[in-house]
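*Asks:* Quick one: the structure is below, questions incoming.
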Amino acid sequence: GVDMGLTRAGRYVVFDVIRGQWDSYSREMVILRAAARDGKNVEVGLEQEPGSGGKESAENTVRMLAGYRVRVVRVDTKKVDRADTFSTAVNGGNVTLIDGDWVAKFVEEFRWFPAMRTKDQVDAGSGAFNILAVPKRRCGALR
């Protein structure tokens, strides 16, 4: 998960990254703890992968986050295409990274993207970037 914000000046800031490999229940608990830490006024962005499994997973996470602001975005393009703009911004030094033990591995994954074996931070970072970069639809949910 990537904790990201957008300044009034239009600069993207990555505050924190949570990385790990968990079973589905443990992953949901990590998401819930992060949401609780950030507070109910911070929007939680979720990408919904294509297919019934992606829809069910997103629905389960939304249910688990009852009481929090959640935005679900369907993805229908390849991970590499979704990540291109944010990867360029990170590699060009146009994203502020708040110092933490996650920064070196985050930057390294972006540096070698898409050649890296693992792309989870790129996927999470570009998902957050794309959610912040695209204005919300006036009709509400993007489900």
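*Asks:* In deg cm²/dmol and to the nearest 500, what is the mean residue ellipticity at 222 nm of the chain if only DSSP H runs of at least 4 residues count, each as -39500 (n - 2.57), divided by the residue total?
*Replies:* Helix-only estimate at 222 nm: -14500 deg cm²/dmol.
*Asks:* Moving on. When each pair of different Cα atoms in segment 6-143 is counted once in the 1/r mean, what is the Kirkwood radius in angstroms, to one decimal?
*Replies:* Averaging 1/r across every pair of different Cα atoms and inverting gives 15.9 Å.
*Asks:* Say R0 is 22 Å: what FRET efficiency, to the nearest 0.05, do E56 and T88 get from their beta-carbon distance?
*Replies:* For E56 and T88, the calculated efficiency is 0.10.
*Asks:* Something else now. Quote the relative contact order of the chain in percent (integer), defining contacts as alpha-carbon pairs under 8 Å separated by 6+ residues.
*Replies:* Computed over the chain, the figure is 31 percent.
*Asks:* Report, for the chain, the % of DSSP beta bridges that are antiparallel, rounded to 5.
*Replies:* Antiparallel bridges: around 40 percent, rounded to the nearest 5.
*Asks:* Students often forget the sequence filter, so: which lysines lie under 27 Å Cα-Cα from K55 once same-chain residues fewer than 8 apart are removed?
*Replies:* K40, K78, K79, K119, K136
Since every read-out is calculated from the coordinates, none of them should be taken as a lab result. These figures come from a predicted structure and were not determined experimentally. Neighbour counts are summed over all protein chains in view; Cβ atoms, including those assigned to glycine, are modelled from backbone coordinates with ideal geometry.
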